[in-house]
Amino acid sequence: MVTRVQRLKKLLAVQEQLKALHETRHAGHLAEAAAAAREAVEIGERADAEDSLSNLFPDLYSRSIANAVAREERSRALASEEMRQIARATARTNLVERNYRDARRQDEREKGDRERLEAVSITHRKPG
């Protein structure tokens, strides 16, 4: 039979994994945003170079920069959403952890009470 303490322990492990997932996704979105920002800067620098073909294809360079900036903004928005998910997951994890600790303490108290009652009943038994 699975006790409340065991269920809460498993739930706590799941909540911690979920929080870690959101943290990983957040880091990934931030990395994507940084890469897109670097790409926009690099395209701009290439466009400004003397041997650049930006004079022949100005729309291509402008579109490439705009796409990189849009990817950066999208990734930052996704990272922001993941931060909200991390906050929610942290709150849930903290709640489950508190409940787990309380249940474990209650279980230990009840176990101690049973052991004391058993010890008292053994000492009060009459031989015979």
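The values are calculated or read from the model by the stated rules, or taken from the named source; none is laboratory data. Bear in mind the structure is a predicted one, so any value in this text is a computation, not a measurement. Virtual Cβ from ideal backbone geometry, glycine too; neighbours counted across all protein chains shown. These area figures cover heavy atoms from the full protein model, side chains too; ligands, DNA and RNA do not enter into them. Shrake-Rupley method; radii C 1.70, N 1.55, O 1.52, S 1.80 Å.
Within region 1-21, the set of residues being in contact (Cβ under 8 Å) with a residue 24 or more places away in the chain and over 13 Å from THR93 (Cα atoms) comprises THR3, ARG4, VAL5.
Here ARG116, ARG105, ARG84 are screened, and the one residue that is within 18 Å of LYS9 (Cα to Cα) and open to solvent by 80 Å² or more (accessible area, probe 1.4 Å) is ARG105. If you go through region 55-113 and keep only what is polar (S, T, N, Q) and in a helix (DSSP H, G or I), you end up with SER62, SER64, ASN67, SER75, SER80, GLN85, THR90, THR93, ASN94, ASN99, GLN106.
A Cβ distance below 7 Å, combined with a sequence gap of six or more or placement on separate chains, defines the contacts here; from region 106-121, residues that are under 20 Å from GLN6 (Cα atoms) reach no residue that is open to solvent by less than 100 Å² (accessible area, probe 1.4 Å) and acidic (Asp, Glu). Scanning region 34-54 for residues that are in a helix (DSSP H, G or I), surrounded by 14 or more Cβ atoms within 10 Å (Cβ to Cβ) and at pLDDT below 95 gives ILE43, GLY44, ARG46, ALA47. Look at region 70-97: where a residue is within 21 Å of GLU16 (Cα to Cα) and a partner is open to solvent by 60 Å² or more (accessible area, probe 1.4 Å) and of a type in the set (Lys, Arg), sitting 6+ places away or on another chain with Cβ atoms under 6 Å, you get GLU82/ARG25. Residues in region 4-33 that are open to solvent by 30 Å² or more (accessible area, probe 1.4 Å) and closer than 16 Å to ASP102 by Cα: ARG4, GLN6, ARG7, LYS9, LYS10, LEU11. Can you find even one residue in region 60-69 that is open to solvent by 40 Å² or more (accessible area, probe 1.4 Å) and within 29 Å of the chain's Cα centre (by Cα)? Within region 60-69 (the criterion being open to solvent by 40 Å² or more (accessible area, probe 1.4 Å) and within 29 Å of the chain's Cα centre (by Cα)), the answer is yes, since at least one residue qualifies.
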